[in-house]
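Since the structure comes first, as structure tokens, the remarks are kept for the end.
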Amino acid sequence: MAEKEMSFLDHLEELRWHLVRAFASIFIVAILIFANINFVFNEILLAHLKPDFTTYQFFCKVFTSIGIDSNFCTISFKQTLQALNPTQQLMTGIWSSLILGFVVSFPYILWEFWRFVAPGLHSSEIKKSKGFIFIASLLFFLGILFSYYVILPMSVYFFYNFEISSAIENNFKLESYISLITNTLIGVAVFFELPVIIYFLTKVGLITPEFLRKYRKHALVVVLVLSAIITPPDIASQIIVSVPIMILYEVSIYVSKFILKKEQKNVSKSPRV
């Protein structure tokens, strides 16, 4: 017996439950994180304020091995952050838990999205899309790791040591510092999803390899501008962020080319009426 076709309202109801489960996963993980909020803050979110952080030690060893004195070997931070209102620590803890809940739940959120879309796909398309969750999650977490171990240490080091006058003391608000950490984590992770985004844009016919090649220089300018927003305002940091993103851009061109060739091949194989 053929399955009854779903109405528009049925689709909305189905979408609602997928969203409910996705948000529930975020809240459940966020509750677990908030239950261990002291550990999360001390060992993860505030880890870049510790002189023995992995990245600082790595830079110290690299510069020392080539005979260059480095500030990374004698790095120090004022580790106290200011909470300027009675509820700020609580609200920052809740908000941080929700953001980290989203990060940890990302593969499940993608799975719920795929479950909503899958019934509308052909069996061959379902088989081909099975690797979507793995690839998208892998790119997302690579972006998280890259921002956590490369971008954020440089950002924290730069902002803590930059001054326009010795008469001005850097006293950072807790909310501003955590916003820097979480915004950078999510921002870079989204950048790393570029091949997946290009894949879908090519599938729906909005992007072609020729378009991506034609506007490669424009893309570089956009990437540099966005890199300047999420990193310290120095050339080295912008380049370090821009290089992997431009590599992903080149990978996206090949992804788009592969998808387009496959689509054209399927069209040529389809029987003519």
- Task: In whole Hz, with x marking every Gly and Pro, tabulate ³J(HN,Hα) for segment 205-215 from phi via Karplus 6.51 cos²θ - 1.76 cosθ + 1.60, θ = phi - 60°.
- Result: x, 8, 10, 10, x, 5, 4, 5, 5, 4, 9
- segment 158-174 versus segment 29-70: alpha-carbon centroid distance in Å: 20 Å
- Message: Given a Förster distance of 51 Å, report the FRET efficiency between Phe23 and Ser166 from their Cβ-Cβ distance, rounded to the nearest 0.05.
- Response: 0.55
- Accessible surface of segment 20-179 [probe 1.4 Å, protein heavy atoms]: carbon and sulfur percent: 67 percent
- Message: Taking θ = phi - 60°, what integer Hz values does the Karplus form 6.51 cos²θ - 1.76 cosθ + 1.60 yield along segment 47-52, in sequence order, with x for Gly and Pro?
- Response: 5, 6, 8, 9, x, 8
- Query: Using modelled amide H (1.01 Å from N, peptide plane; none on Pro or chain starts), what sits under 5 Å from the amide H of Lys173, excluding residues fewer than 5 places away?
  - Reply: Gln82
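The values are calculated or read from the model by the stated rules, or taken from the named source; none is laboratory data. In this text the structure is predicted, and so the values were computed from the model without any measurement. When we count neighbours, we look across all protein chains shown, and the Cβ atoms used for this are built from the backbone with ideal geometry, even at glycine. The area values use the complete protein model at the heavy-atom level, side chains included, leaving out ligands, DNA and RNA. Shrake-Rupley method; radii C 1.70, N 1.55, O 1.52, S 1.80 Å.
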